[in-house]
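So that we are looking at the same thing, I have put the structure below in structure tokens.
Derivation of every value follows stated rules applied to the coordinates shown; laboratory data play no part. This structure is a prediction, so every number in the text was calculated from the model and none was measured. Note that we place each Cβ from the backbone using ideal geometry, even for glycine, and neighbour counts take in every protein chain shown.
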Amino acid sequence: MKAHFRITSDLLGHILSDLRRPHPFAGERVGFLTCRAGILVRNEFVLLGQKWHTIADEDYIRDFSVGAMIGAAAFRKILQYGYTNPVSVFHVHLHEHDGIPRFSQTDQRETAKFVPDFWNVRHGLPHGALVLSNTSVSGKCWYSAATQPIPISEFRIVGAPIKWVRHE
């Protein structure tokens, strides 16, 4: 299985601006990106970034063991959106550096805990997580609740100029 990701440069710029806003107590911000999914060819699919969902300040929890901890209210909101709209849901956060970002051990552990919840409201679609940097992006997705995550092998940022990020 191979996953491709497409997003407009305008939407990506909006996401980066939102994630860079200071929070009253959290060390970083996170959010959710909903996407449309489609089959390209056998064993390949594409995810199209569609809508950014900001996490409200009051939905963060004071937990200084991580950069940002969000509570049940934040998850309820995105799960409700996924229930009423046929979308894939991706958790997104930013690592403030240049180059290819990597998921930390905490990122890997926590996404493995909450991404399966997205199938409770929207099964049959891929869901996952993205980590952005100042100059690049990495991601992984689960195509069904029973599978291991697969890396997103290609990102295309559509706008002027078009940018490709490949992880082969």
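Ignoring everything except DSSP H segments at least 4 long, calculate the 222 nm mean residue ellipticity for the chain; use -39,500 (n - 2.57) per segment, divide by total residues, nearest 500. The partial results should precede the final answer.
Details: 3 runs with 34 residues, N = 168.
The per-residue figure over the chain is -6000 deg cm²/dmol.
Mind putting together the pair-distance distribution for the chain? All Cα pairs, 10 Å bins, whole percent per bin, short to long.
10, 42, 38, 10, 0
Follow-up question, since we're still on this one. Please list 101-107, 1-7, 84-90 highest first by mean number of surrounding beta-carbon atoms within 10 Å per residue.
Numbers: 101-107: 14.9, 1-7: 18.3, 84-90: 19.9.
Sorting 101-107, 1-7, 84-90 by mean packing, highest first, produces 84-90, 1-7, 101-107.
Shifting gears a bit: Could you tell me which of rounded, prolate or oblate describes the range 79-168, using a ≥ b ≥ c as the square roots of the eigenvalues of the alpha-carbon gyration tensor, with rounded for a/c under 1.5 and, failing that, prolate when a/b is larger than b/c and oblate otherwise? Please report the intermediate quantities before stating the final value.
Working: a/c = 1.99, a/b = 1.50, b/c = 1.32.
Since a/c reaches 1.5 and a/b is larger than b/c, the shape of the range 79-168 is classed as prolate.
Determine the dipole magnitude for the chain: charges of +1 sit on the beta-carbon of Lys and Arg, -1 on that of Asp and Glu, nothing else is charged, the reference point is the Cα centre, and the result goes in debye to the nearest 20. Each step should come with its number before you reach the end.
On the way: 19 positive and 15 negative charges, 91 e Å.
Magnitude of the dipole: close to 440 debye.
In the neighborhood of residue 71, defined by Cβ-to-Cβ distances under 12 Å, what is the net charge if each Lys or Arg adds +1 and each Asp or Glu adds -1? Write out the running numbers ahead of the final one.
Numbers: positive: 62, 76, 77; negative: 57, 58, 59, 63.
Summing Lys/Arg as +1 and Asp/Glu as -1 gives -1.
Which of rounded, prolate, oblate describes the range 1-54, given a ≥ b ≥ c as roots of the alpha-carbon gyration tensor eigenvalues and a/c under 1.5 marking rounded, otherwise prolate only if a/b is larger than b/c?
On the way: a/c = 3.55, a/b = 2.57, b/c = 1.38.
Prolate shape, in that a/c is at least 1.5 and a/b is the bigger ratio.
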